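Colleague: Okay, handing you the structure first.
None of the figures in this text is laboratory data; all of them are computed from the coordinates on show. All figures in this text were calculated on a predicted structure; none of them were measured in a lab. Neighbour counts run over all protein chains shown; Cβ positions are idealised from the backbone, glycine included.
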Amino acid sequence: MSGFFHNAVRSFTSFFGFVFDLMGDGLRFLCLTVRSHSALSAEVLFLRKQLAFYEERETQPRRLNNSARLSLALWSHLLDWKSALVIVKPETLIDWYRKGFKVFWKWKSRVGRPRLPENIRKLIVRMALENPTWGQARVAAELSVKLGIYVSPRTVRTYWPPESGPRGPHRTSSQHWKTFVRNHAQSIVACDFFVVVTARFRILYVFLLMEVGTRRILHSNVTAHPTAEWTLQQFREAIPCDHPYRFLIRDRDSIFSLEVDDQLKAFGLRVLRTPARAPQANAYCERLVGTVRRECLDFMILLGERHLSRILAEWVIHYNQGRPHSSLGPGIPEPVEMRLPQQPHAHVRHFLVSDCKIASRAILGGLHHEYRWERSAA
């Protein structure tokens with residue numbers, strides 16, 4: 001950061017020194033125009049005598065800077081410069097003039113139109129990142145037809161995010177996995193196993209099956225010896241014959257054998273196996289496992305399989321019917337009508353209704369509570 005600041009200061013100082021030198025030469029020229037011809041002739045002769053002395057001694061002059069070169073090239077148009085030029089060859093002065101002419105026309109004939117406003121540039125980047133299957137022509141058409149911002153695909157290409165490539169970030173011929181899950185959430189179920197250690201250091205396996213669209217836990221069970229047959233029986237108990245589901249997301253655990261997959265296909269489910277070592281592909285169920293631990297099991301001393309099953313069953317009811325989910329709005333997976341009586345409406349915000357009271361129900365011995373309205377006794 002300090003090196004960048006130092007270079008910026010040097011460039012700024014060099015530019016203003018260049019301009020200052022040119023302005024100084026211009027002011028000296030204006031002062032000389034008001035002097036008499038005889039005084040100017042005498043001064044020219046005086047300076048030439050001094051210059052001739054340095055030529056006799058063959059003294060090498062210092063290297064000229066850019067402002068001095070430009071000044072000599074400009075003032076050479078007003079006199080016979082070949083007879084007055086001493087420190088460099090005539091070809092060198094002509095080369096200075098040509099370089100200055102190139103720089104001038106390069107600045108005068110700058111290529112391109114003015115940049116788009118910053119908000120439109122950010123909008124182009126946003127549309128490119130949010131729509132992985134769109135190209136530059138599609139973004140330009142979206143801007144022109146729907147938003148009234150008339151730009152060409154070539155203009156869109158100018159502001160296309162560099163890390164996205166010509167068609168966007170990691171462009172593929174199909175939609176991303178995240179997009180697929182979001183579009184088919186109502187017809188996807190996900191399952192997973194996780195391990196629980198009891199007070200006697202016995203290892204138990206918990207099976208969870210959830211509906212991705214509503215975040216509702218369809219089924220949960222506990223076993224000490226998970227097998228393919230036991231797992232298949234859990235699916236039979238959880239998924240009815242007239243289910244609306246199309247896809248099942250699962251990991252590559254060996255418990256899910258080919259026999260289980262074949263039976264699930266007979267249920268009308270297409271099994272989607274996650275890639276190896278990619279738990280984020282089953283992120284909804286992995287998050288559910290973390291929620292079970294953080295909100296329930298981490299606070300319990302589990303005595304055995306029956307104890308774990310009872311605690312898990314109570315928590316699942318709370319999860320489905322009493323726990324708000326931020327991903328739902330927030331909302332609750334099961335309909336409100338199935339959980340609470342009709343709530344009274346207060347006419348003033350932040351005040352409780354006078355003829356009602358708030359009742360609570362303890363969950364898991366007071367680890368959580370559910371609250372609801374109740375009419376006060378007359």
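Colleague: Could you pull out the pairs from K102/K122; K108/K146; K146/K178 whose alpha carbons sit more than 30 Å apart here?
Modeller: Details: K102/K122 35 Å; K108/K146 37 Å; K146/K178 26 Å.
Checking Cα-Cα distances, K102/K122; K108/K146 exceed 30 Å.
Colleague: A further question on this structure: Apply 1/(1 + (r/R0)^6) to the Cβ-Cβ distance of I317 and W177, taking R0 = 35 Å, and write down the FRET efficiency to the nearest 0.05.
Modeller: Working: r = 32 Å, r/R0 = 0.90.
Between I317 and W177 the formula returns 0.65.
Colleague: Let me ask another. Want the number for S152 to R252: 0.36 nm per residue separation, take away the alpha-carbon distance, what's left?
Modeller: Numbers: separation 100, 0.36 × 100 = 36.00 nm, distance 4.75 nm.
Difference between extended and current length: 31.3 nm.
Colleague: Calculate the length of the line joining the C-alpha centroid of region 189-207 to that of region 254-313, in whole Å.
Modeller: Taking the Cα centre of each part, region 189-207 and region 254-313 sit 9 Å apart.
Colleague: Then there is this: Could you tell me the extents of region 118-164's C-alpha atoms along the three principal axes, largest first, rounded to whole Å?
Modeller: So the three principal-axis extents are 27, 23, 17 Å.
Colleague: If you don't mind, another one. Could you please rank D95, D192, D262, placing first whichever residue has the fewest other Cβ atoms within 10 Å of its Cβ?
Modeller: Values: D95 14, D192 21, D262 11.
Placing the least packed residue first, the sequence is D262, D95, D192.
Colleague: Within region 279-307, list the residues whose amide N lies under 20 Å from a label point set 7 Å along Cα→Cβ of A362.
Modeller: 295-303, 307
Colleague: Express the C-alpha Rg of region 179-328 as a ratio against the empirical globular expectation 2.2 N^0.38 Å, rounded to two decimals.
Modeller: Values: Rg = 15.1 Å, N = 150, 2.2 N^0.38 = 14.8 Å.
Relative to the 2.2 N^0.38 Å estimate, region 179-328 comes out at 1.02.
Colleague: Right, here's the next one. Nearest-5 percent of antiparallel DSSP beta bridges in region 179-328?
Modeller: 70 percent
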